[in-house]
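The values are calculated or read from the model by the stated rules, or taken from the named source; none is laboratory data. Predicted model, so just to flag it, every value in this text is computed and none were measured. Cβ sites come from the backbone with ideal geometry, for glycine too, and all protein chains shown count toward neighbours.
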Amino acid sequence: MTEPTQTPTETKKPQVNPHTGKESSRAFDAFQVYRDLGPTRTVLKAQATLATRPLHPLHTQESTLKRWSARFDWVNRAKAWDMEQDEVAKEEMRRQAREMVKRHAQAGMILQSKAAQRLSILKPEDMTVKEALDYMDRGARLERLSRGEPETVMDTGKGGLAARDFAAVYKELKDEEEHKEADTG
């Protein structure tokens, strides 16, 4: 199999293929041990790990491992492996994030449905002024967000609903509630 031709501006990606084809099985086994040690890997650590394997036929000297490392480009192959594993982990995180968004959207729709059912049987006279204002505020925020608008609006003097308008609505509702309490009291 031939490698694709590179243009001068392309950089050669380190070889992720774990076996060079020229490497003996012993050298490849040693490379795998080296590679799997992670970012703090060294040839000396690989030698120590290989020495702890009771059934491992490879009791290789550090000089042999260093020679194999240089000849078979262990450093760049291990870096390529690390980068590939990092991409795999990132893709898994992206997949989990997409699943989370779907779960949250489904839960949000269920909550909205239940809230809409409850609100549909709620009579305005059963609400306090505070509840009515809270519902008004939440409803306005929900509508704005669903239309892609910012959650809040500042009074710019160009026709937006100002804080004083909300205060007037609040006063009207409070007066209405006080009249209701006086009539029933």
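Could you check Glu151 against (1) surrounded by 10 or more Cβ atoms within 10 Å (Cβ to Cβ); (2) modelled with pLDDT under 75; (3) in contact with a helix residue (DSSP H, G or I) (Cβ under 6 Å, 6 or more places away or on another chain) and say which number it fails?
Every listed condition holds for Glu151 apart from (1).
Report yes if some residue within segment 136-146 is at pLDDT below 75, farther than 18 Å from Glu177 by Cα, of a type in the set (Ser, Thr, Tyr) and under 32 Å from the mean Cα position of the chain (by Cα); otherwise report no.
Checked segment 136-146: no residue is at pLDDT below 75, farther than 18 Å from Glu177 by Cα, of a type in the set (Ser, Thr, Tyr) and under 32 Å from the mean Cα position of the chain (by Cα).
Can you tell me which of (1) surrounded by 10 or more Cβ atoms within 10 Å (Cβ to Cβ); (2) among the polar types (S, T, N, Q); (3) at pLDDT below 90 is the one Thr2 doesn't meet?
Just one mismatch for Thr2, condition (1).
Give segment 116-148 a look and list any residue that's out of contact with any helix residue (DSSP H, G or I) (no Cβ under 8 Å at 6 or more places or on another chain), surrounded by 10 or more Cβ atoms within 10 Å (Cβ to Cβ) and either in contact (Cβ under 8 Å) with a residue 40 or more places away in the chain or not in a helix (DSSP H, G or I) (or both), or say none.
Leu122
Against the conditions (1) closer than 30 Å to Lys180 by Cα; (2) touching a residue at least 60 places away in the same chain (Cβ under 8 Å), where does Glu84 fall short? Just the number, please.
The number of the failed condition is (1).
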